[in-house]
1. Is one or more of the residues making up the range 272-289 crowded, with 16+ Cβ neighbours inside 10 Å, under 19 Å from the mean Cα position of the chain (by Cα), in contact (Cβ under 8 Å) with a residue 60 or more places away in the chain and under 15 Å from residue 485 (Cα atoms)?
2. When the range 83-104 is examined, which residues are found to be more than 8 Å from the ligand (Cβ to nearest atom) and surrounded by fewer than 24 Cβ atoms within 10 Å (Cβ to Cβ)?
3. Among the residues of the range 97-118, are any part of a loop (DSSP other than H, G, I, E, B), over 17 Å from residue 50 (Cβ atoms) and within 21 Å of the chain's Cα centre (by Cα)?
4. Just the residues that are in contact (Cβ under 8 Å) with a residue 12 or more places away in the chain and over 23 Å from residue 360 (Cβ atoms), please, taken from the range 440-459.
5. State the number of residues belonging to the range 121-165 that are assigned to a helix (DSSP H, G or I), under 21 Å from residue 225 (Cα atoms) and near the ligand (Cβ under 8 Å from one of its atoms).
6. Go through the residues of the range 186-196 one by one and say whether even a single one is surrounded by fewer than 22 Cβ atoms within 10 Å (Cβ to Cβ), within 8 Å of the ligand (Cβ to nearest atom) and either in a helix (DSSP H, G or I) or free of Cβ contacts under 8 Å to residues at least 40 places away in the same chain (or both).
7. Under 8 Å between Cβ atoms, which residue pairs at least 6 apart in sequence (or on different chains) link something in the range 130-145 that is over 14 Å from residue 75 (Cα atoms) and in contact (Cβ under 8 Å) with a residue 40 or more places away in the chain with a partner that is within 6 Å of the ligand (Cβ to nearest atom) and part of a helix (DSSP H, G or I)?
Ligand code: HXC
């Protein structure tokens, strides 16, 4: 056959694969308000950058009517491309082909691109839209999941792994995204749960919709499984692209450096934090007053709002921010906020992203609910993550730093490299009211006017301890600074710590309080 004809044949074969699961299945996908797998890849990657592999892979299943059945690409598309010029490896499950169910060859394609991403040390993006394990293929599809989980774990901390949930992601399938670094969900499209509504109905007799069980809002607001929430697939792809600009390709590199830009003048750092330590404010505005172009990219924005995490740039370099949020529950640490911050700190540490911590908190949340939910175990994760992190660590104490919260929030004692405090900082074992009530109990109860005595003793305590100078006198903080000096000092700290060496004794790995 002449080459020309062979080329024609190739084109015809490709054309067939591009049909996915056929007209009807594609129409159903569109009717659900979803893009097709190929449209998603094209929308996400740089124009014309996608190269597909394993397009002609075929399944080998023979049972339950599978013999001779054509499943184009076996229900998943894999390949490589780029985002703003940064190389990425991608897989996208194609729900139009057998519900994107994961058979043996489907899993082989995913593990192939995972191996490729790890070998080339480039980020992996997985778009999930699947009915789960392909029922007809039995244990072979379960094996496929196991192979994926193993690779997720092997790659963890070496290459960034991003999961996008754009359809059902049910049963054991949820554990691949859960093992990755960032999970993106889209309203009304993402569905993520271990056991579906039918099982819940038959076992527990309860009726619940897929949306209420594991929709996008559930994971963005309640479980914390999702890191980014959006209203549409296109908005979701924009978020992924932005994330890619903040993170490095792998753990041996730094994130790409951008042109430095001053913060916007609308964020006046002197006017954000109220003098009265009980007054709330939005700590994100302090971050915006510090970072380049006031551009703060928040992560897990809708969950555990008492702590804020995300990326910003200082002098063009990516920095991970962790900040107590006085606007939500006075910024206390609790089970969820400790989990949220600890994982982010470990991410930044693994990927050479310096950490900047902004402190303003009354301590850990008291109460039986938190104690029984394991605030000791979860709170310890934060101490572990900060102590373990060897990237440059810069801390700014904005206002309150009480008790365990002071230690946990990247204190000198956990080896922060730079600790700055604003003049309004109060560094003490506990709040002045609580402290005065305990240590001056006798004087207060025996006084002619206990209320006045309490007020006097609170003031006395405040004057003695609730300021930054006792800690400064011990060198626990390096210097007391004016708010408007913060950015300048942080830029300098970053520069000085660019060649930081943090020696650690050898160990296989630690045993964090997971
Ligand atoms: C084989 C499947 C499939 C599956 C869907 N399909 N899921 N084929 N194995 N797991 C097929 C359907 O038969 C149908 O084929 C096509 O995909 C589209 O599915 P529909 O049901 O028509 O779509 P929809 O109404 O949108 O419902 C989507 C769904 C539902 C909610 C995901 O398909 C569903 O409940 N599927 C089964 C989910 C499940 O129980 N999976 C196993 C989980 S256990 P045709 O040919 O008719 O178009 C698991 C274990 C993993 O995953 C363990 C790892 C540790």
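1. Looking through the range 272-289, at least one residue is crowded, with 16+ Cβ neighbours inside 10 Å, under 19 Å from the mean Cα position of the chain (by Cα), in contact (Cβ under 8 Å) with a residue 60 or more places away in the chain and under 15 Å from residue 485 (Cα atoms).
2. Scanning the range 83-104 gives 83, 84, 85, 86, 87, 104.
3. Scanning the range 97-118 turns up no residue that is part of a loop (DSSP other than H, G, I, E, B), over 17 Å from residue 50 (Cβ atoms) and within 21 Å of the chain's Cα centre (by Cα).
4. Of everything in the range 440-459, those that are in contact (Cβ under 8 Å) with a residue 12 or more places away in the chain and over 23 Å from residue 360 (Cβ atoms) turn out to be 440, 443, 444, 453, 454, 457.
5. Summing the residues that are assigned to a helix (DSSP H, G or I), under 21 Å from residue 225 (Cα atoms) and near the ligand (Cβ under 8 Å from one of its atoms) in the range 121-165 gives 3.
6. Within the range 186-196, one or more residues are surrounded by fewer than 22 Cβ atoms within 10 Å (Cβ to Cβ), within 8 Å of the ligand (Cβ to nearest atom) and either in a helix (DSSP H, G or I) or free of Cβ contacts under 8 Å to residues at least 40 places away in the same chain (or both).
7. These pairs meet every condition: 145/172; 145/173.
A quick yes/no check of all residues on (1) assigned to a helix (DSSP H, G or I); (2) modelled with pLDDT of 95 or more:
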| residue | (1), (2) |
| --- | --- |
| 24 | yes, yes |
| 29 | yes, yes |
| 34 | no, yes |
| 66 | no, no |
| 79 | no, yes |
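The values are calculated or read from the model by the stated rules, or taken from the named source; none is laboratory data. Bear in mind the structure is a predicted one, so any value in this text is a computation, not a measurement. Here the Cβ is made from the backbone with ideal geometry for all residues, glycine too, and neighbour counts use every protein chain on show.
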